[in-house]
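The values are calculated or read from the model by the stated rules, or taken from the named source; none is laboratory data. For clarity, every value in this text was computed on a predicted model and none was experimentally measured. Here the Cβ positions follow ideal geometry from the backbone for every residue, glycine too, while neighbour counts run over all protein chains shown. Only protein heavy atoms, including side chains, enter the accessible area calculation; ligands, DNA and RNA are left aside. Shrake-Rupley method; radii C 1.70, N 1.55, O 1.52, S 1.80 Å.
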Amino acid sequence: MDPATVVVLLTLLLGIQPVTTDLYLPALPMLARDLHTTVSAAQLTLSALIICFGVGQLICGPLADRFGRRPVLLVGLSLYTVASVLSAAAPTIGWLILWRALQGAAMAAAVTCGRSIVRDLYAPHEGARVMSRALTGLGFIAMASPLVGGLLVQWLSWHAALTVLAVFGAGTLAFVVWRFEETAPKLNPTATQIAPMLKNWVSVVRDPTFRAWAALSALTYGGLFVTLAGSSFVFIDVLGTSRVTYGAFLLSSSMAYVAGTFLCRRLLLARGLRGAVAVGGALTLAGGLSMALLSLVGVHNAWAIAVPQWLFAVGHGIHQPCGQAGAVGPFPEKAGTAASLSGFGMTLSAFAVGLWLGHSFDGTVYPLTLGVGAFSIGLALVAWTLVQRHGDPHGTSTPKPA
């Protein structure tokens, strides 16, 4: 595969996650009303998807190491497309939760294989740069998703928003069939056997480099997920903005994220992996703390959330490619397993956020603003301590020429 094909492939495989979560966020309040359910039950459609996504990664990683990336992608994307169609047609909240859970498990195949492909083809430092290019494309997908979702919900219904996911899944499946060539350097016939699989998990988790980068990825995604899961209710129900305005907020946040991925590539050349993350930690801390402090002094409006979120999103655009490439860097022979464990940590973080928001939402801005603030503190601490001490897998922090 030529480099452009690889970047497009990674953009589609990794972009399936923001499409699946972001596009239907503007539909949550309408969905809750149409299905005669509660806010917490509506949030469960997202939480169920996320936890099944996490568990699915633990399964898909070893499967991808055992059978290769291509067969796992073909099965996973086919299931995702079917689950998307069933979600759009769900008659009750119970059925919607069930199909969204299946959707999350199937989505794990795309994301896990995408992260594994990066390690199959590139060394960690170069992998971070390639990942940042793909995540730039993901950012544009994330830009369009909430705005398109808001327009579809306002003009049609939440069913239409979920139908778009089926179209995206089918298109990604077609691209994989058409262009993807197997990248696994060597299949591991023992990868799915219980004892070797557990041994692989232990060896990966015990590695301090993996733990540093996996912790960074989990915290940056957890902070982002506070906004993804909580902002629709804060903007639409608490601050009284329209669904289209809320979609524009998510669009602006995605633009800041894309800017962060461009900045990431610059920083990788100048400072290496650890230096880039140190700068990202400062940006996320500035964004999260300012959002929390503004809310605590009584500034409750859309701008007091949007502007700090832009800073957090720029930092996220640095942390995400570096964290994902760094976590799999020490494990070229079991990239699928390392990618699945790192992804599972991100999912646990998001699932905990979803549960907490479902029970703590009190009709104010505080669950959102204080949640982002708390994650930004933890993120900066990991970026400035663990990553600086242990985050250099086999010399990957040394800058290389473009």
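What pairs come up if the first residue lies in the stretch 87-101 and is assigned to a loop (DSSP other than H, G, I, E, B) and among the small types (Gly, Ala, Ser), the second is open to solvent by less than 40 Å² (accessible area, probe 1.4 Å) and at pLDDT 85 or above, and their beta carbons are under 6 Å apart, counting only those six or more places apart or on different chains?
90/96
Does residue 92 count as under 30 Å from residue 334 (Cα atoms), among the hydroxyl-bearing types (Ser, Thr, Tyr) and open to solvent by 20 Å² or more (accessible area, probe 1.4 Å)?
For residue 92, the condition - under 30 Å from residue 334 (Cα atoms), among the hydroxyl-bearing types (Ser, Thr, Tyr) and open to solvent by 20 Å² or more (accessible area, probe 1.4 Å) - is not met.
If you check 269, 273, 283, which single one turns out to be more than 10 Å from residue 318 (Cα to Cα) and of a type in the set (A, V, I, L, M, F, W, C)?
Testing whether each residue is more than 10 Å from residue 318 (Cα to Cα) and of a type in the set (A, V, I, L, M, F, W, C) leaves just 269.
Tally the residues that are among the aliphatic types (A, V, I, L, M) and surrounded by fewer than 24 Cβ atoms within 10 Å (Cβ to Cβ), restricting the search to the stretch 65-82.
Count: 4.
For residue 255, all conditions in the list (1) closer than 27 Å to residue 358 by Cβ; (2) open to solvent by 10 Å² or more (accessible area, probe 1.4 Å); (3) modelled with pLDDT under 90; (4) not in a loop (DSSP other than H, G, I, E, B) hold save one; what is the number of the exception?
Residue 255 satisfies all of (1) closer than 27 Å to residue 358 by Cβ; (2) open to solvent by 10 Å² or more (accessible area, probe 1.4 Å); (3) modelled with pLDDT under 90; (4) not in a loop (DSSP other than H, G, I, E, B) except (1).
Applying the selection to the stretch 95-119, what residues are small (Gly, Ala, Ser) and open to solvent by less than 10 Å² (accessible area, probe 1.4 Å)?
Across the stretch 95-119, the qualifying residues are 104, 106, 108, 109, 110, 114, 116.
Since residue 358 meets every condition but one in (1) over 16 Å from residue 214 (Cα atoms); (2) open to solvent by less than 40 Å² (accessible area, probe 1.4 Å); (3) at pLDDT 85 or above; (4) of a type outside the set (Ser, Thr, Tyr), which condition does it not meet?
Here residue 358 clears every test but (3).
For the stretch 235-248, enumerate the residues that are hydrophobic (A, V, I, L, M, F, W, C), assigned to a helix (DSSP H, G or I) and surrounded by fewer than 24 Cβ atoms within 10 Å (Cβ to Cβ). Give the derivation first.
To start, the set of residues in the stretch 235-248 that are hydrophobic (A, V, I, L, M, F, W, C) comprises 235-236, 238-239, 244, 248.
Retained after the next criterion (residues that are assigned to a helix (DSSP H, G or I)): 235-236, 238, 244, 248.
Selection gives 236, 238, 244, 248.
The rows are residues; the columns are (1) in a loop (DSSP other than H, G, I, E, B); (2) in contact with an Asp or Glu (Cβ under 9 Å, 6 or more places away or on another chain).
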residue	(1), (2)
151	no, no
164	no, no
169	no, no
173	no, no
181	yes, no
185	yes, yes
192	yes, yes
195	no, no
198	no, no
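Considering the stretch 311-330 alone, what residues qualify as being surrounded by 24 or more Cβ atoms within 10 Å (Cβ to Cβ) and not in a helix (DSSP H, G or I)?
Matches in the stretch 311-330: 329 only.
Among the residues of the stretch 178-196, write down those that are modelled with pLDDT of 80 or more, of a type in the set (A, V, I, L, M, F, W, C) and surrounded by fewer than 19 Cβ atoms within 10 Å (Cβ to Cβ).
Hits for the stretch 178-196 are 178, 194, 195.
If you check residue 162 against the conditions, is it modelled with pLDDT of 75 or more and either hydrophobic (A, V, I, L, M, F, W, C) or open to solvent by 50 Å² or more (accessible area, probe 1.4 Å) (or both)? Outline the logic, then answer.
Working: modelled with pLDDT of 75 or more: yes; either hydrophobic (A, V, I, L, M, F, W, C) or open to solvent by 50 Å² or more (accessible area, probe 1.4 Å) (or both): yes.
Yes; evaluated as a whole, the condition is true for this residue.
Run down 345, 260, 288, 280 and say which single residue is buried (at least 18 other Cβ atoms within 10 Å of the Cβ) and closer than 30 Å to residue 186 by Cβ. Show your work before the answer.
Values: 260 fails: closer than 30 Å to residue 186 by Cβ; 288 fails: closer than 30 Å to residue 186 by Cβ; 280 fails: closer than 30 Å to residue 186 by Cβ.
Exactly one residue qualifies, and that residue is 345.
Which condition does residue 333 not pass, out of (1) open to solvent by 50 Å² or more (accessible area, probe 1.4 Å); (2) at pLDDT 85 or above, if it passes all the others?
The one condition residue 333 does not meet is (2).
Could you figure out which of (1) of a type outside the set (S, T, N, Q); (2) closer than 15 Å to residue 229 by Cβ; (3) out of contact with any Gly (no Cβ under 7 Å at 6 or more places or on another chain); (4) open to solvent by 10 Å² or more (accessible area, probe 1.4 Å) isn't true of residue 363?
(2)
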